[in-house]
Amino acid sequence: MFADNHRISHRQMIRQLILSLAVPILLCLPGAHHILGANGLLGILVNFIIYYFAIILLIRIAPAYQDLPKTLGSFQSRCIALLYLVPLVLTGSYLLSTAASLACTYLISGIPKWLASLLILAVCAAGSHMGLEKRGRIGEVSCGLIIGAFLLLYLLACFQGNSAYLNNPVQGALRWQDSLDSIYGIFCALSFLGFLPFLLPRVSKPNSSGKVIFYGVLFLGAMLAAALVLAQAVFGWERLIREKFPILPLMAGTDLPGDVLARFDVLWIALLIYGLFFSLGSIFFYGSHILEQVNFQPLRLWLLLLVYGITLNPAAGYPIDEYFGWLLVRVIAPLMLALTFYVSIWYKSRNKGGAIQK
């Protein structure tokens with residue numbers, strides 16, 4: 001059922017959340033920051049506990065994000081808004097670069113990356129202005145298709161696995177240092193849930209959305225856990241640790257029984273790129289919404305230009321693909337954590353003084 005009155009339902013919200021995070025997590029996390037084997041599975045379980053309490057906090061402080069200038073004042077709200085744009089710009093550049101690389105490699109070979117990036121940017125930016133209700137409806141319809149495709153991928157990959165690979169603990173043995181890296185890496189990837197307070201005031205019955213959001217986190221964690229197990233079963237450790245994106249060869253090696261489609265891998269890649277498109281659209285949507293709150297609408301164009309510029313201009317000779325992992329764990333996640341706690345502390349202190357009414 002579609003939501004009315006400029007609000008979205010819980011179902012639309014959670015499907016947008018899953019669709020925005022599923023593809024980047026499944027594409028980029030396996031193998032990164034020791035997110036492999038038992039260490040990866042332990043990292044997922046620990047983050048279930050962490051984000052159970054984090055979601056409660058995000059829901060409680062959501063009213064503060066409904067009107068940032070009222071909560072923080074004009075100057076502070078603009079500073080906080082600009083800081084929130086940093087994770088959006090950096091992550092948008094990485095996702096744009098990744099989507100363009102996949103498109104040029106698998107779908108439209110021969111087109112330069114700068115042109116593919118420009119076309120993708122134009123499509124995703126145009127969709128960011130369609131409004132929350134339309135995005136909710138698109139997410140509600142397409143989420144099932146994307147998730148269903150991944151479940152089919154997992155099912156087909158089960159027939160290619162080798163149990164001997166799962167019983168080989170050489171690289172996947174539980175090590176505390178690797179486990180801590182895995183826990184923190186997954187925590188950083190899910191830190192984008194810190195943007196939920198901007199969305200919750202526009203959700204029907206936001207105070208009762210905690211259970212729905214946590215179920216979404218559980219679902220994302222289960223999908224990541226299944227990807228870790230299947231990737232190890234299909235490839236073994238020796239190949240798995242060399243793959244940048246283990247999900248790609250997993251897709252390339254699966255096919256429907258009887259070779260129904262000659263290039264089934266192209267369909268996988270197309271669905272993967274669509275998921276990246278939706279993630280990029282979410283980034284531009286949140287960026288536009290935050291700038292609108294603080295009356296910085298003219299900066300929307302600069303947001304797009306920054307994302308495109310960082311995508312095409314390597315820093316110190318390294319493209320953003322090479323150092324985004326470092327940015328995520330050293331800059332983006334700590335910044336998101338700091339901003340959340342700052343707004344939370346300020347909001348609670350103002351509420352105690354009776355300056356803000358819930």
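Protein chains only, probe 1.4 Å: how do T105, T98 rank by accessible area, largest first? Before the final figure, lay out each step's value.
Values: T105 95, T98 5 Å².
Accessible-area ranking of T105, T98, largest first: T105, T98.
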As a test of the definition: which semi-axes, in Å, follow for region 281-357 when you take the square root of five times each eigenvalue of its alpha carbon gyration tensor? Largest first, please. 31, 19, 8
Before I look further, what does the chain give for accessible area per residue, probe 1.4 Å, in whole square angstrom? 46 Å²
Per-residue SASA entry for K134, accessible area with 1.4 Å probe, Å² rounded to 10: 120 Å²
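Could you work out the per residue convex hull volume over the alpha carbons of the chain, in cubic angstrom? Intermediate values should be presented prior to the final figure.
Details: hull volume 50.9 nm³, N = 358.
Per residue, the Cα convex hull of the chain comes to 142 Å³.
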List the extent of the Cα atoms of region 1-105 along each of their three principal axes, largest first, rounded to whole Å. 46, 35, 34
Once the whole set of protein chains is in place, how much accessible area is left on I80, using a 1.4 Å probe, in Å² to the nearest 10? 10 Å²
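When the accessible area of region 42-165 is computed with all protein chains present and a 1.4 Å probe, what percentage of it is carbon and sulfur?
Values: 3920 of 5480 Å².
In region 42-165, the share of accessible area belonging to carbon and sulfur is 72 percent.
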Quote the charge dipole size of the chain about the Cα centre in Debye, to the nearest 20; the model charges only the Cβ of Lys and Arg (+1) and of Asp and Glu (-1). 1280 debye
Whole-number Å³ per residue for the convex hull built on Cα positions in region 48-148: 171 Å³
Of E243, E140, which has the most accessible area and how do the rest follow, probe 1.4 Å? E243, E140
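Gain in length, K134 to L180, computed as 0.36 nm per residue apart minus the alpha-carbon separation, to one decimal in nm?
Working: separation 46, 0.36 × 46 = 16.56 nm, distance 3.98 nm.
Using 0.36 nm per residue and subtracting the Cα-Cα distance, I get 12.6 nm.
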Sorted list, accessible surface of protein heavy atoms, 1.4 Å probe, largest first, for R300, R330, R175 is R330, R175, R300
So how much accessible area does F187 have, in Å² to the nearest 10, using a 1.4 Å probe? 40 Å²
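State which entries of K134/K211; K113/K244; K211/K244 exceed 29 angstrom in Cα-Cα distance in the structure shown. Could you put the intermediate results ahead of the total?
Values: K134/K211 24 Å; K113/K244 19 Å; K211/K244 34 Å.
Result: K211/K244 exceed 29 Å.
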Virtual spin-label span in nm between A225 and A252, 7 Å along Cα→Cβ: 3.0 nm
Just the Cα atoms of region 92-133: what Rg and Dmax do they give in Å? 11.4, 37
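The values are calculated or read from the model by the stated rules, or taken from the named source; none is laboratory data. This is a predicted model, so every value here is computed, not measured. All Cβ positions, even for glycine, are placed from backbone atoms using ideal geometry, and neighbour counts span all protein chains on display. Ligands, DNA and RNA are stripped out before the accessible areas are found, and what is left, the full protein with its side chains, is counted by its heavy atoms. Shrake-Rupley method; radii C 1.70, N 1.55, O 1.52, S 1.80 Å.
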